[in-house]
Each structure stands twice: as structure tokens, then as C-alpha cells.
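Peer 1: What follows is a single structure, and I will ask about it in a moment.
The values are calculated or read from the model by the stated rules, or taken from the named source; none is laboratory data. All figures in this text were calculated on a predicted structure; none of them were measured in a lab. Don't worry about glycine lacking a Cβ; one is built from the backbone with ideal geometry, like all the others, and counts go over all protein chains shown.
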Amino acid sequence: MSEQDKTLFQKIIDREIPGTIVHEDEHCVAFRDVNPGAPTHILLVPRKPIPRLCDSEPADQQLLGHMMLVAPKIAADEGFGEAFRLVVNNGAEAGQSVFHLHLHILAGRPLAWPPG
Ligand code: AMP
């Protein structure tokens, strides 16, 4: 991938721009959201630059499952293993602004439902 094509999150993963990384493994990287919506707001991002959840393929099943297993561990590491929220914004109209798939992990305050 050329530098020009790299997503913002790919640049954080590649340590080209700063990020507060809290977890990484061979499949994904997690770092703190720069504009947190809760006391804990972490973005879990696959190393593979899938733009949106709807762009994922059957071949991504293991990767997506891995992320669903890692997210609760990250929440637990933050002290919120019993109460956290996972959010995926898919598409600009759903609030997606960075087109590199990510799970928002939110915790640390009461989380109202439904979300806005
Ligand atoms: P979304 O709107 O679902 O695509 O989420 C993108 C998230 O990335 C937002 O919550 C932003 O606050 C966050 N964000 C944008 N730039 C950065 C950055 N440089 N480091 C960490 N988080 C960022």
C-alpha cells in the first residue's frame, strides 16, 4: 500500500503518527480514541485495512471473531469487564469517519440506550 493510500489508523498501526496503543497482536491493534466519548474509549482495528464492516468477506470470519474475543479482554484490562459497549459505525450516514474498520470499546460511565 502506498503512503498516500494509508488510512489514518494504518499510520497509527505503523507508528507513523502517534497513538496510545493499549493492545496489539498479529491480527489487530487497539489504541485510545483521541476524542473520547466515555472514560474508556478504545478503538480496536484490524491490521488488514477493511474499509467498512460491510466490506468484510467470508475469509475475514476468523479475524472478526478474534476481534470479538479481544474486545472484552481489553475492557476487562481497563477494569470494566462486566459493563462495556461495542459500536461499529458502518458508512458515513451511520457516523463512520475513518474508513478502516474499527470497533469502538466504550466503558466507564452509564451508557444510555438507544444510542443517538
Ligand atoms: P468513526 O466515526 O466510527 O469512523 O470513528 C472514528 C474515531 O476515530 C472517532 O471516535 C475519532 O475521535 C477517532 N480518531 C480520529 N483521529 C484519531 C487519532 N489520530 N487517534 C485516535 N483516534 C482518532
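Peer 1: Would you say residue 55 is modelled with pLDDT of 95 or more, of a type in the set (Asp, Glu) and away from the ligand (no atom under 14 Å from the Cβ)?
Peer 2: Numbers: modelled with pLDDT of 95 or more: yes; of a type in the set (Asp, Glu): yes; away from the ligand (no atom under 14 Å from the Cβ): no.
No; evaluated as a whole, the condition is false for this residue.
Peer 1: Quick check on this structure: which one of 76, 38 is touching a residue at least 12 places away in the same chain (Cβ under 8 Å) and closer than 17 Å to residue 105 by Cα? Quick ask: steps written out before the conclusion?
Peer 2: Working: 76 fails: touching a residue at least 12 places away in the same chain (Cβ under 8 Å).
Just one listed residue meets the conditions, 38.
Peer 1: Let me ask something additional. Could you tell me which numbered condition residue 45 fails, if it satisfies all but one of (1) in a loop (DSSP other than H, G, I, E, B); (2) out of contact with any Lys or Arg (no Cβ under 8 Å at 6 or more places or on another chain)?
Peer 2: Result: residue 45 passes all but (1).
Peer 1: From 13, 42, 74, which residue is touching a strand residue (DSSP E or B) at 6+ places or on another chain (Cβ under 6 Å) and over 23 Å from residue 115 (Cβ atoms)?
Peer 2: Working: 42 fails: over 23 Å from residue 115 (Cβ atoms); 74 fails: over 23 Å from residue 115 (Cβ atoms).
Result of the check over 13, 42, 74: 13.
Peer 1: Check 65, 19 and return the single one that is free of Cβ contacts under 8 Å to residues at least 24 places away in the same chain and outside any helix (DSSP H, G or I).
Peer 2: Numbers: 65 fails: outside any helix (DSSP H, G or I).
Going through 65, 19 in turn, the sole match is 19.
Peer 1: Now for a different question. Pairs please, first residue from segment 79-107 and at positive phi, second anywhere and aromatic (Phe, Trp, Tyr) and near the ligand (Cβ under 10 Å from one of its atoms), Cβ atoms under 6 Å, 6+ apart in sequence or on different chains.
Peer 2: Pairs that qualify, where the first residue is at positive phi and the partner is aromatic (Phe, Trp, Tyr) and near the ligand (Cβ under 10 Å from one of its atoms): there are none.
Peer 1: From 99, 31, 9, grab the single residue that is among the aromatic types (Phe, Trp, Tyr), part of a helix (DSSP H, G or I) and either near the ligand (Cβ under 9 Å from one of its atoms) or surrounded by fewer than 16 Cβ atoms within 10 Å (Cβ to Cβ) (or both).
Peer 2: Only one candidate qualifies: 9.
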